[in-house]
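Colleague: Before anything else, here's the structure in question.
The values are calculated or read from the model by the stated rules, or taken from the named source; none is laboratory data. The model shown is predicted, which means the values in this text are computed figures rather than measured ones. Glycine also receives a Cβ, built like all others from the backbone with ideal geometry; neighbour counts cover every protein chain displayed. Just so you know, the surface numbers come from the protein's heavy atoms only, side chains and all, with ligands and any DNA or RNA stripped out. Shrake-Rupley method; radii C 1.70, N 1.55, O 1.52, S 1.80 Å.
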Amino acid sequence: MNDALERLAREVRLDAAENERMRLQFGYACACRVMHLLEDPAVAACLTALGDFLNGSLDRARFHLTAQEATRLANRHQGSKSIDGCGHSAVSSSYAVANALNGKALQAADYAAYATVYGQGGYGAVADRESFEPEFQWQLACLARLATKSPA
């Protein structure tokens, strides 16, 4: 969805095994931007666990279990029962968290961007590609910053 971000991700080899930390940091940063849209405290706890893993206070085994739980929670989210789709941003936010924990940074970014735009303006906003530009620019700058700090 964010072509410039995808190009940068290829340039910095975001998907390379040695860049796992950068993937997790980027996914975490994107998911944190939509944390306020989460409805399920358990999903928010999963995001907190990712932060704990990144700062070294959660071991890898527990982290993997939490990543599985985040995926389960996102997949079971019922979405919105209202006719206007309110709550859809919560579903996308949950998927942003799940993807972040599973090291799928670009997917986390996509879901976070969608959740941000949908949360601000509903369906009309997501139909307008320009609505995504501020978030896309933030994501691009964030990944560029992380890439310059990466030892790889």
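Colleague: Output the residues belonging to the stretch 85-126 that are among the hydroxyl-bearing types (Ser, Thr, Tyr), modelled with pLDDT of 65 or more and open to solvent by 20 Å² or more (accessible area, probe 1.4 Å).
Modeller: The answer is 95, 111, 114, 116, 118.
Colleague: Scan the stretch 31-44 residue by residue and report those that are over 19 Å from residue 69 (Cα atoms) and of a type outside the set (Lys, Arg).
Modeller: Hit for the stretch 31-44 is 36, nothing else.
Colleague: Could you grab the pairs with beta carbons closer than 6 Å, sequence gap of 6+ or different chains, first residue in the stretch 47-60 and without any contact (Cβ under 8 Å) to a residue 12 or more places away in the chain, second one of a type in the set (Asp, Glu) and open to solvent by less than 70 Å² (accessible area, probe 1.4 Å)?
Modeller: Between residues of the stretch 47-60 that are without any contact (Cβ under 8 Å) to a residue 12 or more places away in the chain and residues that are of a type in the set (Asp, Glu) and open to solvent by less than 70 Å² (accessible area, probe 1.4 Å), the close pairs are 58/52.
Colleague: OK, next. What number of residues within the stretch 7-37 satisfy the criterion of being in contact with a Gly (Cβ under 7 Å, 6 or more places away or on another chain) and either open to solvent by 50 Å² or more (accessible area, probe 1.4 Å) or more than 23 Å from residue 56 (Cβ to Cβ) (or both)?
Modeller: Residues that pass the stated criteria total 3.
Colleague: Regarding the stretch 26-46, can at least one residue be identified that is in contact (Cβ under 8 Å) with a residue 12 or more places away in the chain, in a helix (DSSP H, G or I) and among the basic types (Lys, Arg)?
Modeller: For the stretch 26-46, residues in contact (Cβ under 8 Å) with a residue 12 or more places away in the chain, in a helix (DSSP H, G or I) and among the basic types (Lys, Arg): absent.
Colleague: Collect the residues in the stretch 1-19 that are without any contact (Cβ under 8 Å) to a residue 24 or more places away in the chain and part of a loop (DSSP other than H, G, I, E, B), keeping them in residue-number order.
Modeller: 15
Colleague: Would you mind stating whether residue 1 is at pLDDT 95 or above and under 20 Å from residue 135 (Cα atoms)?
Modeller: Answer is no for this residue.
Colleague: Hey, any hits in the stretch 74-84 for a residue that's at pLDDT 85 or above, surrounded by fewer than 20 Cβ atoms within 10 Å (Cβ to Cβ) and either over 12 Å from the mean Cα position of the chain (by Cα) or under 18 Å from residue 36 (Cα atoms) (or both)?
Modeller: The answer is yes; a qualifying residue exists.
Colleague: Still on this structure, please answer the following. Among the numbered conditions (1) within 20 Å of residue 119 (Cβ to Cβ); (2) of a type in the set (D, E, K, R); (3) open to solvent by 90 Å² or more (accessible area, probe 1.4 Å), tell me where residue 40 comes up short.
Modeller: Answer for residue 40: the failing condition is (3).
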